[in-house]
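Visitor: Shown below is the structure under consideration.
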Amino acid sequence: MAARGDKLIIGQRLKILRTTLGLTQAQMAAQLDVSASYITLIESDQRPASAKLLMRLAQVYDLNVAELAPDTDAQLAADFEAALKDPALEVEGVNRAEMEAVLQASPRIAAALVRLQGRLGDALMRNQAEENPLTDRNKVEALAQIARPVEQVRDWFYDSRNYIDALDRVAEGLAEENKIHRDASDVALNGLLAAHNVRVRRLPASVMGGSLRRYDPHRKELLLSELLDASSRRFQMAVLIARLNYEDLIDQVLAEAPFDGDSTRSLARVSLANYFAAALLMPYRPFLAACESERYDIELISHRFGTSFEQTAHRMTTLQRQEARGIPFFFVRVDRAGNVSKRFSAGRFPFSRFGGTCPLWNIHGAFETPGQIQTQLIRMPEGARYFSVARTVTRAGGSFSSPAPRLAVGLGCDVAFAPRLIYADAIDQARTEPTEIGLNCFLCERQNCASRAQAPINRNLAVNELERSVALFSFEAE
């Protein structure tokens with residue numbers, strides 16, 4: 001982020017906002033109660049914008065303060081930094097200011113370098129498979145092939161700010177037309193499926209085998225396992241409604257997506273059906289109104305809409321309709337080993353593509369207090385601060401002989417939005433020191449971290465045979 005002290009360089013963003021509103025520099029200056037020459041200097045990046053001006057912009061034009069910050073694409077920034085740290089590129093001594101300058105001036109060139117580094121990694125993996133007789137080349141290539149569709153779909157949702165307007169509005173209209181709400185949602189959903197002559201059957205786990213949901217198009221039956229709770233059953237019914245009623249609409253959305261390969265498009269189709277299901281059970285305007293009135297109390301809102309904690313938290317990340325936006329949340333789900341199985345962001349939070357998440361993040365501590373909400377202020381290496389909420393959830397499908405896996409979900413946002421959350425009431429931001437975290441140990445360059453599990457990939461180890469430090473690994477600074 002381009003900054004001078006506590007002030008920000010927002011020239012290009014301010015100019016785009018002004019021209020979008022159809023204002024001259026003089027008109028905008030008058031509305032903001034500043035001089036026209038000041039607007040000229042800001043737009044030409046000769047003067048920074050103070051926090052006072054940012055707040056004035058937010059008030060006059062009804063914008064989120066975080067939206068005015070001249071951020072680069074956070075995911076691109078994280079990927080670009082990781083690419084530059086690849087030893088194979090032999091790039092040394094690049095500081096954060098240089099990286100941000102490239103991202104601000106030439107984001108497409110930075111993205112091209114990220115893609116190039118990714119292809120280089122694939123090539124190195126294949127070469128190692130060919131040279132090592134103990135490596136199964138087919139498995140290595142299959143692993144790379146399997147991972148690529150997942151990353152492509154995740155990137156596409158990230159670029160869309162996790163909001164798909166066409167599906168969301170249709171789902172909202174369908175919910176309103178059929179009066180889908182918690183008390184009668186099962187009846188309404190059954191009615192929508194009955195219009196296609198589909199019967200819903202709940203079967204014993206022994207009959208369903210390893211499946212929780214199975215649709216038989218020949219018999220027109222949706223088979224649901226008894227292991228699914230009520231919210232999961234409703235969600236699976238809504239998924240089938242999306243596939244039966246709006247397959248063409250989903251295909252239209254996919255036609256505009258830059259996906260290559262059948263597996264990627266199939267995965268995206270599943271993701272969009274799931275998106276529709278969430279939008280049907282939690283229609284946009286009623287859900288946003290509930291979030292704002294109840295200050296994003298996930299547990300209370302999940303009871304109101306008859307959805308699970310995870311479904312509700314995930315839905316909160318999609319409230320980015322242009323004329324009625326909620327808080328731009330990020331969402332992540334991990335297992336006990338730190339493996340990330342879900343990650344979405346409507347805001348600017350960067351996720352690492354490999355290596356899990358920072359062990360100091362409270363999402364990992366949630367496993368120590370199952371079912372209880374954990375809150376935390378966190379700060380990233382570049383200085384960005386976030387407020388995080390985490391809690392464990394249990395996946396469907398558990399029994400005494402085969403317990404369901406316990407996972408942890410995290411929901412967070414920029415600290416600027418924290419006062420709007422009920423969870424932040426007990427935290428005094430002025431007196432609470434944020435927990436310093438990184439993307440993961442491979443990319444984090446903080447010294448003396450007792451939780452470090454790996455040395456950073458672009459730093460030389462500093463081994464002192466006569467000393468045992470707090471951190472497992474010590475390394476040379478820049």
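The values are calculated or read from the model by the stated rules, or taken from the named source; none is laboratory data. Everything numeric here is computed off the predicted structure, so don't read it as measured data. So basically every Cβ, Gly included, is an ideal-geometry build from the backbone, and we count neighbours across all protein chains shown.
Visitor: Quick check on region 334-347: of everything there that is over 15 Å from residue 155 (Cβ atoms) and surrounded by 20 or more Cβ atoms within 10 Å (Cβ to Cβ), which residue is modelled with the highest pLDDT?
Guide: We begin by selecting, within region 334-347, every residue over 15 Å from residue 155 (Cβ atoms); these are 334-339, 341, 347.
Checking which are surrounded by 20 or more Cβ atoms within 10 Å (Cβ to Cβ) leaves us with 334, 347.
Numbers: 334: 92, 347: 67.
The selected residue is 334.
Visitor: Just to verify a result, which residue in region 202-212, among those that are surrounded by 16 or more Cβ atoms within 10 Å (Cβ to Cβ) and either in contact (Cβ under 8 Å) with a residue 24 or more places away in the chain or of a type in the set (Phe, Trp, Tyr) (or both), is nearest to residue 192 (Cα to Cα)?
Guide: 212
Visitor: Which residue is nearest to residue 58 (Cα to Cα), if the candidates are limited to region 19-45 and must be outside any helix (DSSP H, G or I) and of a type in the set (Val, Ile, Thr)? Before you say what the answer is, go through the steps one by one.
Guide: Going through region 19-45, the residues outside any helix (DSSP H, G or I) turn out to be 22-24, 33-35, 44-45.
Cutting the leftovers down to of a type in the set (Val, Ile, Thr) gives us 24, 34.
Details: 24: 18, 34: 15 Å.
Result: 34.
Visitor: Going by the conditions given, is residue 2 buried (at least 18 other Cβ atoms within 10 Å of the Cβ) and modelled with pLDDT of 75 or more? Write out each step before concluding.
Guide: Values: buried (at least 18 other Cβ atoms within 10 Å of the Cβ): yes; modelled with pLDDT of 75 or more: no.
No: the conditions fail for residue 2.
Visitor: Further question: Of all residues being of a type in the set (Gly, Ala, Ser) and part of a helix (DSSP H, G or I) in region 288-309, which is nearest to residue 420 (Cα to Cα)? Just the residue, please.
Guide: The initial filter retains those residues of region 288-309 that are of a type in the set (Gly, Ala, Ser), namely 289-290, 293, 302, 306, 308.
Next cut, part of a helix (DSSP H, G or I) only: 289-290, 293, 302.
Working: 289: 13, 290: 13, 293: 10, 302: 18 Å.
Checking each candidate, the answer is 293.
Visitor: Okay, next question. Going through region 213-235 one residue at a time, which ones are hydrophobic (A, V, I, L, M, F, W, C) and either touching a residue at least 40 places away in the same chain (Cβ under 8 Å) or assigned by TED's automatic domain parsing to the domain that holds residue 400 (or both)? Give the derivation first.
Guide: Filtering region 213-235 for residues hydrophobic (A, V, I, L, M, F, W, C) gives 222-224, 227-228, 230, 235.
Correct list: 227, 228, 230, 235.
Visitor: Does residue 239 satisfy being surrounded by fewer than 13 Cβ atoms within 10 Å (Cβ to Cβ) and β-branched (Val, Ile, Thr)? Give the derivation first.
Guide: Details: surrounded by fewer than 13 Cβ atoms within 10 Å (Cβ to Cβ): no; β-branched (Val, Ile, Thr): yes.
No.
Visitor: Which pairs turn up if I take residues in region 23-40 that are within 14 Å of residue 53 (Cβ to Cβ) and look for partners that are outside any helix (DSSP H, G or I) and of a type in the set (D, E, K, R) with beta carbon separation below 7 Å, at least 6 apart in sequence or on another chain?
Guide: 38/47
Visitor: Name the residue that is nearest to residue 421 (Cα to Cα), counting only residues in region 310-331 that are β-branched (Val, Ile, Thr) and in a loop (DSSP other than H, G, I, E, B).
Guide: Taking region 310-331 as the starting set, the residues that turn out to be β-branched (Val, Ile, Thr) are 312, 317-318, 327.
Adding the requirement that they be in a loop (DSSP other than H, G, I, E, B) leaves 317-318, 327.
On the way: 317: 14, 318: 17, 327: 9 Å.
Result: 327.
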